[in-house]
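All of the numbers you see were taken from the coordinates with simple rules; none came from a lab. This structure is a prediction, so every number in the text was calculated from the model and none was measured. So basically every Cβ, Gly included, is an ideal-geometry build from the backbone, and we count neighbours across all protein chains shown.
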Amino acid sequence: MKKALALLVFILLSANLFSQEFRVSISVNSAQIQGTDKTIFQTIQELLNEFINQRSWTNKTYEEFERIEGSISINIKSHATQEDFTGDFHIQLRRPVYGSTYTTTLLNTQEQDVVFKYIEGQSFEFDENNYTNNLISTIAFYLYYFLALDADSFELNGGTEYFNICNNIVTAAQRSPNKGWKRAESQKNKYWMLENYTNTTYRTLRDASYQYHRLGLDMMGGESQAEARNNIIEALENVRKAYREKSNLVAVQQFFDAKADEIVNIFKGAPAN
């Protein structure tokens, strides 16, 4: 009886220690695909939801209210064979703002024409150091990218360990025949997303995230709105420093895709100067 009770306590503690990090909605849209059984698309959606939201991605404890929110929408454009798919991915990441009900967008990006295979009945397994499936590696990359961006917004350079995992995923994918992973491709792909944040030449981008979110937005609800706006101005100056080093950084484009409207609203209520 004592052994059974001890085992139960251990299981409960283990479940609590390694809680799920994400609350990400996933949708697989097959409206463009005609004349095929739609069941397989629903299956992929269900498997991805389980893969993302019901496993542990870190060794940290996340309370329910701390879970990272976002969405991944996959629009299937082609189903060439029973196993081959091509789709556009729309990816969003959100973060709560301290002391408010407002959530700010950290990432709002798209990746087009992602080619992947799914064999009916297969399970979704992931190893950061081994590339086996383009769908799984792509999803895992964005999840760790989520973790890195989220952590950087709360702590200066807080996302380093997750950017390192992104690097492992990108390195393993260099042997992939699929696009989206390599240096020689468009500078808007996953390789360059990671490079922009880990290249010390553009280190002010990560400073900007902490300044903008933790020292800016999180302070806007109190009595320090003027100080918060000044910190956001400093964050924007740090983004500009990176831009001056290289004007076509995908990370800068992603920042303003997520923040443009918000920045306008922040300064609508500011003094004219």
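For segment 49-154, trypsin sites (Lys or Arg not before Pro) are listed when DSSP marks them as loop and at most 12 other Cβ atoms sit within 10 Å of their Cβ; the list is empty. Segment 42-119 and segment 144-196 have Cα centres lying 15 Å from one another.
Relative to its Kirkwood radius, the Cα radius of gyration of the chain gives an Rg/Rh of 1.01. Entry note, the chain: the mean residue ellipticity at 222 nm calculated from DSSP H runs of n ≥ 4, each adding -39500 (n - 2.57), is -15000 deg cm²/dmol after division by the residues and rounding to the nearest 500. Annotation: the antiparallel percentage among DSSP beta bridges lying fully within the chain is about 75. Taking every lysine pair in the chain that is 8 or more places apart or spans two chains, those with Cα atoms closer than 17 Å amount to 10.
For segment 147-273, the orientation-averaged shadow of the C-alpha convex hull comes to 8.3 nm² (one quarter of the hull surface).
Over the chain, Cα pairs under 8 Å with separation of 6+ residues give a relative contact order of 13 percent.
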